[in-house]
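> Just passing along the structure, written as structure tokens.
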Amino acid sequence: MNKLFKTRYVLILLYLILIIFFYNLFYEFQLNKNTVIEFLLNNKEKFDFYIDENLFRLFLIFFTFSIIWTIFLGFGLPTMIVAAYLFEPLNGTIFLVLSKTIGVAIIFFLYKKIFYSYLSSKISFKKINKNTLSKFLKKNELYNLILLRLIPGLPVQAIDILPLIIGVKFKNYILSKFLGSLIPHFLIINFFSVFFTNLDRNLAANLNFSVTKELIIAFLIFGLFIILSNLIKKKINFNKFLR
């Protein structure tokens, strides 16, 4: 084993250790949305101060943290809830999706520089590239990667990692992350933004969600999202991919 391979082994091990440490540190935040909401409400005065007095600094902290969160394969919902509390829905969506796109760009770089050489010696990439899913994604790479990100219920970590193993182009990988994340992120961020707004109006006790322009837009996008998801499911037969 040469020195370069030893270095890569160490870096891979270090990355895995950092992921485990990250998940252990934010375990409750990852799996329980109520923990995130309670954290925001318990620190409401601090966050409101930064929102009113130093929004740019708050944006930089959130943006940087979101990049780190993405690099260490964090779940998507917690950062969306935080973005909904800190920013307007549209701004929060753009900030969050852009930071996550930067995060996966770093993952792409790490994979190519560190992981690829190791994995290529352990996995038959030629066999992977011949399977049905790989053929489907590469037939119209950017379009199909975007569709993959719009399918509800798929773990974001799997969608971020799978294209790397298949060997998609960097441009399509990045564009699909940004474009494919906009609609679902805006929908969820907008919903939680309305939720937090109604909490401030003391409407949460009886769950009285007032009808606002933003909520109407969210429902319209939700309808479009459901229709698009059904079309995607008809286009993609995942049972065939798993054979």
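The values are calculated or read from the model by the stated rules, or taken from the named source; none is laboratory data. As the structure is a computational prediction, the values presented were derived from the model and not from experiment. For neighbour counting, all protein chains shown are included, and Cβ atoms are generated from backbone atoms with ideal geometry for every residue, glycine included. Surface areas here come from the heavy atoms of the whole protein model, side chains and all, with no ligands, DNA or RNA. Shrake-Rupley method; radii C 1.70, N 1.55, O 1.52, S 1.80 Å.
> If you scan the stretch 137-179, which residues turn out to be of a type in the set (D, E, K, R) and open to solvent by less than 20 Å² (accessible area, probe 1.4 Å)?
Matches in the stretch 137-179: Asp160, Lys177.
> Of all residues being exposed (fewer than 13 other Cβ atoms within 10 Å of the Cβ) and assigned to a helix (DSSP H, G or I) in the stretch 113-129, which is modelled with the highest pLDDT? Just the residue, please. I'd like the intermediate steps shown before the answer.
Kept after step one, since they are exposed (fewer than 13 other Cβ atoms within 10 Å of the Cβ), are these residues of the stretch 113-129: 113, 117, 120-124, 126-127.
When the remaining residues are screened for being assigned to a helix (DSSP H, G or I), the result is 113, 117, 120, 126-127.
Details: Lys113: 79, Ser117: 62, Ser120: 56, Lys126: 56, Lys127: 58.
Among them, the one singled out is Lys113.
> Being surrounded by 13 or more Cβ atoms within 10 Å (Cβ to Cβ), aliphatic (A, V, I, L, M), modelled with pLDDT of 65 or more and not in a loop (DSSP other than H, G, I, E, B) narrows it down to one residue among Leu224, Leu228, Leu182; which is it? Before the answer, list the steps.
Working: Leu224 fails: surrounded by 13 or more Cβ atoms within 10 Å (Cβ to Cβ); Leu228 fails: modelled with pLDDT of 65 or more.
After applying the criteria, what remains is Leu182.
> Return yes when Phe21 is open to solvent by 90 Å² or more (accessible area, probe 1.4 Å), farther than 18 Å from Ile106 by Cα and either without any contact (Cβ under 8 Å) to a residue 24 or more places away in the chain or aromatic (Phe, Trp, Tyr) (or both) and no when it is not.
Values: open to solvent by 90 Å² or more (accessible area, probe 1.4 Å): yes; farther than 18 Å from Ile106 by Cα: yes; either without any contact (Cβ under 8 Å) to a residue 24 or more places away in the chain or aromatic (Phe, Trp, Tyr) (or both): yes.
So Phe21 fits the description; yes.
> Kindly evaluate Leu145 against the criterion of being at pLDDT 95 or above and touching a helix residue (DSSP H, G or I) at 6+ places or on another chain (Cβ under 7 Å). It would help to see each step written out before you state the result.
Values: at pLDDT 95 or above: no; touching a helix residue (DSSP H, G or I) at 6+ places or on another chain (Cβ under 7 Å): yes.
Criteria not met by Leu145.
> Continuing with this model, one more query. Every residue in the stretch 23-43 that is assigned to a helix (DSSP H, G or I) and modelled with pLDDT of 85 or more, please.
Thr35, Val36, Ile37, Glu38, Phe39, Leu40, Leu41, Asn42
> Check the stretch 24-45 and report whether any residue there is under 18 Å from Asn190 (Cα atoms) and in contact with a His (Cβ under 7 Å, 6 or more places away or on another chain).
No; the residues of the stretch 24-45 include none that is under 18 Å from Asn190 (Cα atoms) and in contact with a His (Cβ under 7 Å, 6 or more places away or on another chain).
> Does Arg57 qualify as being in contact with a helix residue (DSSP H, G or I) (Cβ under 8 Å, 6 or more places away or on another chain), in a helix (DSSP H, G or I) and loosely packed, with under 13 Cβ neighbours inside 10 Å?
Numbers: in contact with a helix residue (DSSP H, G or I) (Cβ under 8 Å, 6 or more places away or on another chain): yes; in a helix (DSSP H, G or I): yes; loosely packed, with under 13 Cβ neighbours inside 10 Å: yes.
When the stated conditions are applied, Arg57 passes them.
> Of (1) in contact with a Gly (Cβ under 7 Å, 6 or more places away or on another chain); (2) more than 25 Å from Asp200 (Cα to Cα), Ala83 satisfies all except one. Which?
(2) is the only condition that Ala83 fails.
> Related question: Out of the stretch 74-112, which residues are outside any helix (DSSP H, G or I) and modelled with pLDDT under 90? Break it down stepwise before answering.
Start the filter on the stretch 74-112 by keeping residues that are outside any helix (DSSP H, G or I), which leaves 74-75, 87-88.
Within the stretch 74-112, Gly74, Phe75 qualify.
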